[in-house]
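The values are calculated or read from the model by the stated rules, or taken from the named source; none is laboratory data. The shown structure was predicted, so the numbers you read here are calculated from the model rather than taken from an experiment. For neighbour counting, all protein chains shown are included, and Cβ atoms are generated from backbone atoms with ideal geometry for every residue, glycine included.
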Amino acid sequence: MSQAKYDVEPVTGQWDYDSLPSNIRVGQHCWIERRDSFGSFRSQQDPGLVLGNRVRVYTWTTFNVEPTGRMEVGDDCILAGPVFMCAERIAVGQRVMISYQVTIADSDFHPIDPEERKRDAVANAPFGDRSQRPAYQTRPVVIEDDVWIGIGAIILKGVRVGRGARIGAGAVLTSDVPPGAMVIGNPARVAHEDIT
Amino acid sequence: MSRYLDHDWFPESLPENVELGERTWLYSTYAFRHFQSRRTIGLRTGHDTGLYNGTFFDLGPNGEVSIGDYCTLVGAIICSNGRVEIGDYAFIAHEVVIADTFAALPGILGQNISAASEVHQSQKARIVIRENVWIGARAVLLDGADIGEGAIVGAAAVVDFHVPPFSVVAGNPGRIVKKIKS
């Protein structure tokens, strides 16, 4: 049995990138494996997402961008499997490598206060009125050039990862990482000040 | 023997250097989407092993994986340019990643990207999961991980060292937290 039951172009990078929403700018010589990486892209900003030149985006990558979100990814990045959750701004520099199962979020997407969270749950119900959702906090995430982000790392709102830093597997980041540092663990701590 | 899977949604055949044992079930050849192994045997499994949806073999040219009998991989990603050995009766849960290096990337599909090859060049990497090991969801096993017989790796643990038989390792960085039997 060798006949395709499915249309495989949308999962092998061979689909038409010009078919993306017009507020997504794709640079030259990019390769984007799976079209559905943009299935939850809802940005109303223009541009809502800019991919630089020669960016490689593998099958597990997901761009969950809210109507208010803006994202940019610099030249020569390799994205194996980040899930981006963006309500304001996530900026990824050049030559950044992001491994499997990584989450990068610029908001918690829900309020902290318990009563507000109940209102949030009601507004988010399948037939709820999402315009009634309480406000939630956002703080931009910035990943500078030449950073490597390890398997399963989680980078949360307001974090800036300095140029050339290394984020160990499974590290959970809630505060900035200095340039050139290696951080590991949960909660993340600096293992080496300068690995350059 | 057909190199295509009857139930497959993806139209590719199994790579020639892949051997699946009797009654071993693989959800799809999409698992080999980034498979670049040029070894004589890139993947060999024993009999009665299940490789379910979400399992990927992102092997580099020197990557070699052997998996035993009665193993269950519910959706692990194996990303290696070295050797990965998985013993009989292993159970590997969802979203586990077994990789040579902390910032592992899939094969580069023939494209020469120097930065990527830098993290993907290890040829001596070796990861061993011995018989009857249970690996919890989201755990990460890196080069040097050698999980002893009957041991358990806790959910989301990060391990790059020898774990004694019949012990439990948990946390990030991983540490031995208990013995199951003496």
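Per-structure values
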read-out: Selection within segment A:91-106 - buried (at least 24 other Cβ atoms within 10 Å of the Cβ), more than 11 Å from chain B (Cβ to nearest Cβ) and aliphatic (A, V, I, L, M); value: A:V92, A:I104
read-out: Close pairs (7 angstrom Cβ cut-off, 6 or more residues apart or separate chains): crowded, with 21+ Cβ neighbours inside 10 Å in segment A:166-194, in a loop (DSSP other than H, G, I, E, B) and among the polar types (S, T, N, Q) anywhere; value: A:G170/A:N186; A:G170/B:N172; A:A171/A:N186
read-out: Lone qualifier among B:G75, B:G60 - being within 14 Å of another protein chain (Cβ to nearest Cβ) and either on the phi > 0 side of the Ramachandran plot or surrounded by fewer than 22 Cβ atoms within 10 Å (Cβ to Cβ) (or both); value: B:G75
read-out: Segment B:18-38: number of residues that are within 16 Å of the chain's Cα centre (by Cα), surrounded by fewer than 16 Cβ atoms within 10 Å (Cβ to Cβ) and of a type outside the set (A, V, I, L, M, F, W, C); value: 1
read-out: Residue that is nearest to A:V92 (Cα to Cα) [pool: residues in segment A:118-136 that are surrounded by 12 or more Cβ atoms within 10 Å (Cβ to Cβ) and at pLDDT below 95]; value: A:Y136
read-out: Hits in segment A:1-55 (condition: outside any loop (DSSP other than H, G, I, E, B), more than 13 Å from chain B (Cβ to nearest Cβ) and hydrophobic (A, V, I, L, M, F, W, C)); value: A:I24, A:V26, A:F38, A:F41, A:L49, A:V50, A:L51
read-out: Subset tally (residues that are over 16 Å from A:C86 (Cβ atoms) and in contact with a strand residue (DSSP E or B) (Cβ under 9 Å, 6 or more places away or on another chain)) for segment A:150-172; value: 14
read-out: Matching residues in segment A:24-63 - criterion: being among the polar types (S, T, N, Q), surrounded by 15 or more Cβ atoms within 10 Å (Cβ to Cβ) and under 18 Å from A:T103 (Cβ atoms); value: A:S37, A:T59, A:T61, A:T62
read-out: Among the candidates B:S66, B:S13, residue that is more than 14 Å from chain A (Cβ to nearest Cβ), surrounded by fewer than 18 Cβ atoms within 10 Å (Cβ to Cβ) and of a type in the set (S, T, Y); value: B:S66
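Table: residues versus (1) within 30 Å of B:A104 (Cα to Cα); (2) part of a helix (DSSP H, G or I).
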site	(1), (2)
A:Q94	yes, no
A:Y100	yes, no
A:H110	no, no
A:K118	no, yes
A:A121	no, yes
A:D145	yes, no
